[in-house]
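Report on the structure given below.
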Amino acid sequence: MSVIDLAAAKAHLSITDDTDDALIEAKIAAAENHVASYLGKPLSEFDPMPAAIPEAILQLVGHLYENREATLVGVTIVDAALGFFDLLAPHREWIF
């Protein structure tokens, strides 16, 4: 089950052509996998889906799309926007 479809991701990224469709779909899959891992449970278990989760996925898709390498030279590196973690925190499974 995919939370974000290609059209939603392209709208978020302000992309209107289909040149990078395969790349964007890969970024969606990676972002959804990462968010599910961070939350500690499959995204399919959320019913209804809290609005914050798709927003966090879109933010991560944007980050992954714009920053395609693990290391950048000559620029300041920052983690994903703080809003990403803030959006997901209330929905995270905490296991000790």
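Contact map, the range 35-46: residues that are among the charged types (D, E, K, R) paired with residues that are not in a helix (DSSP H, G or I), Cβ distance under 6 Å, separation 6+ or inter-chain. Pairs shown: LYS41/GLU93.
Taking every residue in the range 1-21 that is touching a residue at least 24 places away in the same chain (Cβ under 8 Å) and pairing it with any residue that is assigned to a loop (DSSP other than H, G, I, E, B) and not small (Gly, Ala, Ser), at least 6 positions away or on another chain, the pairs with Cβ-Cβ distances below 8 Å are VAL3/MET49.
State the number of residues belonging to the range 8-56 that are assigned to a loop (DSSP other than H, G, I, E, B), of a type in the set (A, V, I, L, M) and more than 21 Å from ASN67 (Cβ to Cβ).
Of all residues in the range 8-56, those assigned to a loop (DSSP other than H, G, I, E, B) come to 14-20, 40-42, 46-51.
Pick out the ones that are also of a type in the set (A, V, I, L, M) and you get 15, 49, 51.
Right, trim to more than 21 Å from ASN67 (Cβ to Cβ) and you get 49, 51.
Of the residues in the range 8-56, 2 are assigned to a loop (DSSP other than H, G, I, E, B), of a type in the set (A, V, I, L, M) and more than 21 Å from ASN67 (Cβ to Cβ).
If you take the residues of the range 66-89 that are at pLDDT 65 or above and farther than 19 Å from LEU13 by Cβ, which of them is surrounded by the fewest Cβ atoms within 10 Å (Cβ to Cβ)?
Selected residue: GLY74.
A quick yes/no check of all residues on (1) among the aromatic types (Phe, Trp, Tyr); (2) closer than 13 Å to ARG92 by Cβ:
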| position | (1), (2) |
| --- | --- |
| ALA29 | no, no |
| ALA36 | no, yes |
| GLU45 | no, yes |
| GLU55 | no, no |
| TYR65 | yes, no |
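The values are calculated or read from the model by the stated rules, or taken from the named source; none is laboratory data. What you see is a predicted model, and the numbers here were worked out from it, not measured in a lab. Cβ coordinates were reconstructed from backbone atoms using ideal geometry, including for glycine residues, and neighbour counts include every protein chain displayed.
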